[in-house]
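Asker: Quick one: this structure, given as structure tokens, is what I'll be asking you about.
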């Protein structure tokens, strides 16, 4: 292995080295500083006489005398089932003081695209126990469903609640028997604060979830460039556990905004032509290479489900990060500031939220025959109620018709009873749908135009209307 | 993707630098847009710039680990597709490699690299029935025989468009593979079922004609308000979650085209899988055969290499043109053209070209119009008539229609289906905004609707448009003062408009019956709303209070017409009930 001491330029996270032998694109590099410290990096551009290297741990303290070794291979992640229960830093080095990891395999972290022909369409319902998700925006195995949040909102609580409560109903029926596929959580933290990290770790330890989790921690004060590999390590581990070891893996990535900031930093250091708001033009492709690693593969037991969290700068969902994410992922869950300030927990705004894979994951045999109709009707009624709220502010409740007043009550009760359930309650899908019927029965029967007549006969609560009228 | 067959001797080059999908090579003797094989693994790429002895190549596969000094091999031919029987029922990546063959060759569910496969099965034999006899004169484009490619489609074997033509001296009949000669001409030219055509070049035609027939989509809001013609162009822009992909899928399923080419350009893997799993099971409403029998899928998901995303729309339209040459009506759906534009931007910025608006290359507008201009209703060089309709989804960042891709697309296309996030949020699907959308084909298609559906189609539609327009205006007032402050006739208009929205414009793509609505049913629902309207206003004139009119039992049944299979009887009864119930009030 040839060593070079020919660094020509150091700029931001990048180091440029003159070389006289060809170096592979994306190859891993070790840089040894004069005090013996070793840093790792990756080849970003390779020409016949020089290479550009991005240094994961930052370029601080590197001088032109540092020696550079090209390892001749791309970045690999050592994977094994023993990773479960372990905590690693953002570059995959254990930080929990546990034993050394003996890998079964070393896998390329970039990952190859799943052949669309080999995929299996996701349609297995995951019960998260959160009504606003299960009832209205159902998550299925193999889906990528981001949480669109903003600073100061309890997205982490929601992610933890899902990680804690997620089950597939058939598993419950099968009881506690350990046969079949197991559930694992991979947690990839990018640039989160130490406090947030503690919150996650405490919860993992308290609930015993840690032993079925693999944690990758890149904290806010860790080098930014490192963040670009953390999610790839997490997803490589997830793919191995899912497609080799038959686990159903839930990957939580937080916070994607920090990841994108790191991409922008590298792009700027390379003096690339920037796209919108200074983010690189290839950010869509780059994000897709992460998100698209969710899925199921025909003939394999396991699945990779992704729950990325991102905080929208300025609560703006047209910002490039949420925008590009929304175009790649199969829906999104919005955390809402108003609901949060009203004390609704979890403060999910179901109207802009969406699960694209929902329609095939619900219905008879999967959840319940009335699920789709109930969901449609609740959406329509809640949207109607929301619209009327604006009007009420101007004309007052008295000016509205009886039906309009019912819609207003419906919207209030929907938020207070259906969405608000606290972080410790897990509701089964049956409970969620029954609750939905309780609320819908406030409305007169012929207002339920999205529901099949037979289902209305079966579930509509005749007495509720009377009560509502009296009230 | 076709292997190079050209015998042109070209010299190999050496890789000079690698940066993502862009590789430069030294001393490569190649022409612009030639296909080259890069590196020791032979990754497929295309020449996109030549400067001195440095050639820039966009590589269609992942370039990790490729290093300078590795060889680059030229093929001397431009990026081409294989054309011939076997393209229907197939699923390709962006450079026409069949994904099922790749899975087999790679032995993995993950896409490895450096594996090539021809676009059509070269071994498979097809039953060739000649259409010409020995002694016949044939010219370029002429049909010399047919092959039953799928139960729905007869594949026409044509003389290649670049042939000189001549007299047929020998013709075969029976089972042959695509590389065997089926027709021999006196010029010595041998014709096989297999042809190649460069993707970036339009296949020749005689002339472009004005389209006069609608492409019936089975979607009420489209057929009823914003129809597209066979040979027309349409854009569906909308923010994420507004239902672009569902609309595209609905069109691919129910549009009355002979052939559907579906290009999934930079979209979600799971969505393509849904298409792959659904289409073979769905029935084509016109022929009763599997939908897949008339469909060719091109899937380049968002995590597949970006350069192949740039090429996939060209691969798709070239295949579409080939079927058009046989005299078929072809519909091409591209989901999404924004991803294609972004792929151009990404390559352009790696080339350090001077950017235009929002970082897109200055040639964005030219490329878009070039692509959409390949659509049309054509007279083919063999005298048949065929059409290519192009429906492109656009994904504007943040749902902002003023961005360059939407704007440049709207300058070219004649039908605009504006998806609306607000409608999607209240689950009004298809969430096509009836106030913003337009179709410039409406007038030229009216005669067809008059002849084939009902003579008063245009008038009834105009009534519906007027009612919806009036509703939009009234809603602004309602926002301020509430509905009850309006005069009674306006309240009634709001109620009628609500039924038009709920019973007619809304359509449930996931309901077995409602998912497809034939033009007759589209007309009848609209007309049922009008019947209610006319009878209701009569009652109002007779002094009946508006609450009583809107309160009749029959009216809400309008909303259930969509899901009725025997709708004629249902509507007849309903119209009678509405009229009699309203009569009772005065």
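The values are calculated or read from the model by the stated rules, or taken from the named source; none is laboratory data. Everything numeric here is computed off the predicted structure, so don't read it as measured data. Note that each Cβ is placed from the backbone with ideal geometry, even for glycine, and that neighbours are counted across all protein chains shown.
Asker: Would you mind stating whether residue A:393 is part of a helix (DSSP H, G or I), within 17 Å of residue B:479 (Cα to Cα) and out of contact with any helix residue (DSSP H, G or I) (no Cβ under 9 Å at 6 or more places or on another chain)?
Answerer: Considered against the rule, which asks whether it is part of a helix (DSSP H, G or I), within 17 Å of residue B:479 (Cα to Cα) and out of contact with any helix residue (DSSP H, G or I) (no Cβ under 9 Å at 6 or more places or on another chain), residue A:393 comes out as yes.
Asker: Identify the residue in segment A:139-152 that is under 24 Å from residue A:234 (Cβ atoms) and assigned to a loop (DSSP other than H, G, I, E, B) and, among all such residues, is farthest from the other protein chains (Cβ to nearest Cβ).
Answerer: Here the answer is A:151.
Asker: Based on what the data block shows, is residue B:320 under 30 Å from residue B:383 (Cβ atoms) and either at pLDDT 90 or above or outside any helix (DSSP H, G or I) (or both)?
Answerer: For residue B:320, the condition - under 30 Å from residue B:383 (Cβ atoms) and either at pLDDT 90 or above or outside any helix (DSSP H, G or I) (or both) - is met.
Asker: It is to be established whether one or more residues within segment A:439-450 are assigned by the TED database to the domain that holds residue A:414, under 19 Å from residue A:138 (Cβ atoms) and modelled with pLDDT under 90.
Answerer: Yes - at least one qualifying residue is present in segment A:439-450.
Asker: Which members of segment A:17-30 meet the condition of being without any contact (Cβ under 8 Å) to a residue 24 or more places away in the chain and either crowded, with 17+ Cβ neighbours inside 10 Å or closer than 10 Å to residue A:64 by Cβ (or both)?
Answerer: A:25
Asker: Something else now. Please indicate, with yes or no, whether at least one residue in segment A:265-278 is within 8 Å of another protein chain (Cβ to nearest Cβ), at negative phi and buried (at least 24 other Cβ atoms within 10 Å of the Cβ).
Answerer: Looking for residues that are within 8 Å of another protein chain (Cβ to nearest Cβ), at negative phi and buried (at least 24 other Cβ atoms within 10 Å of the Cβ), one finds at least one in segment A:265-278, hence yes.
Asker: Which of (1) surrounded by 20 or more Cβ atoms within 10 Å (Cβ to Cβ); (2) more than 10 Å from every other protein chain (Cβ to nearest Cβ); (3) over 26 Å from residue A:236 (Cα atoms); (4) in contact with a helix residue (DSSP H, G or I) (Cβ under 9 Å, 6 or more places away or on another chain) does residue A:309 not meet, given it meets every other one?
Answerer: Of (1) surrounded by 20 or more Cβ atoms within 10 Å (Cβ to Cβ); (2) more than 10 Å from every other protein chain (Cβ to nearest Cβ); (3) over 26 Å from residue A:236 (Cα atoms); (4) in contact with a helix residue (DSSP H, G or I) (Cβ under 9 Å, 6 or more places away or on another chain), only one is false for residue A:309: (3).
Asker: Also, quick follow-up: Is there a residue being crowded, with 22+ Cβ neighbours inside 10 Å, over 20 Å from residue B:264 (Cβ atoms) and at pLDDT 90 or above anywhere in segment A:325-333?
Answerer: yes
Asker: Can you list the helices (runs of 4 or more DSSP H) found entirely within segment B:383-471 that contain at least 3 residues being outside the structural domain of residue B:327 (by TED's automatic domain parsing)?
Answerer: B:442-452
Asker: I'm told residue B:179 meets every condition in (1) surrounded by 22 or more Cβ atoms within 10 Å (Cβ to Cβ); (2) part of a loop (DSSP other than H, G, I, E, B) except one. Can you identify the failing condition by its number?
Answerer: Only one criterion is unmet by residue B:179, namely (1).
Asker: It is to be established whether one or more residues within segment B:1-15 are more than 9 Å from chain A (Cβ to nearest Cβ), outside any loop (DSSP other than H, G, I, E, B), within 35 Å of the chain's Cα centre (by Cα) and farther than 30 Å from residue B:271 by Cα.
Answerer: For segment B:1-15, residues more than 9 Å from chain A (Cβ to nearest Cβ), outside any loop (DSSP other than H, G, I, E, B), within 35 Å of the chain's Cα centre (by Cα) and farther than 30 Å from residue B:271 by Cα: absent.
Asker: For segment B:208-227, does any single residue satisfy the condition of being under 30 Å from residue B:468 (Cα atoms), in contact with a helix residue (DSSP H, G or I) (Cβ under 8 Å, 6 or more places away or on another chain) and within 14 Å of another protein chain (Cβ to nearest Cβ)?
Answerer: no
Asker: Name the single residue, out of those in segment A:66-87 being part of a loop (DSSP other than H, G, I, E, B) and modelled with pLDDT of 90 or more, that is nearest to the other protein chains (Cβ to nearest Cβ).
Answerer: Result: A:80.
Asker: Inside segment A:377-394, can you point out the residues that are facing another protein chain (nearest Cβ under 8 Å) and surrounded by fewer than 18 Cβ atoms within 10 Å (Cβ to Cβ)?
Answerer: Residues satisfying the conditions are A:390, A:394.
Asker: Which of the numbered conditions does residue B:106 fail, given that it passes all the others? Conditions: (1) modelled with pLDDT under 90; (2) touching a helix residue (DSSP H, G or I) at 6+ places or on another chain (Cβ under 6 Å).
Answerer: Failed condition: (2).
Asker: For the condition within 30 Å of residue B:154 (Cβ to Cβ), surrounded by 23 or more Cβ atoms within 10 Å (Cβ to Cβ) and more than 9 Å from chain A (Cβ to nearest Cβ), what is the one hit in B:405, B:388, B:394?
Answerer: Checking each option against the conditions leaves just B:388.
Asker: Here are some residues: A:41, A:98, A:92. Which one is touching a helix residue (DSSP H, G or I) at 6+ places or on another chain (Cβ under 9 Å) and more than 22 Å from residue B:17 (Cα to Cα)?
Answerer: The unique qualifying residue is A:92.
Asker: Would it be correct to say that residue B:527 is touching a residue at least 60 places away in the same chain (Cβ under 8 Å) and either touching a strand residue (DSSP E or B) at 6+ places or on another chain (Cβ under 7 Å) or not assigned by TED's automatic domain parsing to the domain that holds residue B:248 (or both)?
Answerer: Against the criterion (touching a residue at least 60 places away in the same chain (Cβ under 8 Å) and either touching a strand residue (DSSP E or B) at 6+ places or on another chain (Cβ under 7 Å) or not assigned by TED's automatic domain parsing to the domain that holds residue B:248 (or both)), residue B:527 qualifies.
Asker: Let me ask something else. Of everything in segment A:6-16, what is surrounded by fewer than 22 Cβ atoms within 10 Å (Cβ to Cβ), under 37 Å from the mean Cα position of the chain (by Cα) and part of a strand (DSSP E or B)? Give them in sequence order.
Answerer: Of everything in segment A:6-16, those that are surrounded by fewer than 22 Cβ atoms within 10 Å (Cβ to Cβ), under 37 Å from the mean Cα position of the chain (by Cα) and part of a strand (DSSP E or B) turn out to be A:10, A:11, A:14, A:16.
Asker: Right, next: Just to verify a result, which residue in segment B:238-270, among those that are modelled with pLDDT of 90 or more and assigned to a loop (DSSP other than H, G, I, E, B), is surrounded by the fewest Cβ atoms within 10 Å (Cβ to Cβ)?
Answerer: Across segment B:238-270, the extreme among qualifying residues is B:256.
Asker: Would segment B:244-261 turn up any residue that is closer than 21 Å to residue A:116 by Cα and free of Cβ contacts under 8 Å to residues at least 24 places away in the same chain?
Answerer: No, segment B:244-261 has no match at all.
Asker: While we're here: Take the conditions over 16 Å from residue A:134 (Cβ atoms), touching a strand residue (DSSP E or B) at 6+ places or on another chain (Cβ under 8 Å), facing chain B (nearest Cβ under 8 Å) and in contact (Cβ under 8 Å) with a residue 12 or more places away in the chain and apply them to residue A:347. Does it pass?
Answerer: For residue A:347, the condition - over 16 Å from residue A:134 (Cβ atoms), touching a strand residue (DSSP E or B) at 6+ places or on another chain (Cβ under 8 Å), facing chain B (nearest Cβ under 8 Å) and in contact (Cβ under 8 Å) with a residue 12 or more places away in the chain - is not met.
Asker: Restricting to segment A:88-119, what's the tally of residues that are in a loop (DSSP other than H, G, I, E, B) and either within 8 Å of chain B (Cβ to nearest Cβ) or under 23 Å from residue A:28 (Cα atoms) (or both)?
Answerer: Number of matching residues: 19.
Asker: Right, another one. Filtering segment B:104-125 down to residues that are under 18 Å from residue B:59 (Cα atoms) and at the interface with chain A (Cβ under 10 Å from one of its Cβ atoms), which residue is surrounded by the fewest Cβ atoms within 10 Å (Cβ to Cβ)?
Answerer: Within segment B:104-125, the match that is surrounded by the fewest Cβ atoms within 10 Å (Cβ to Cβ) is B:112.
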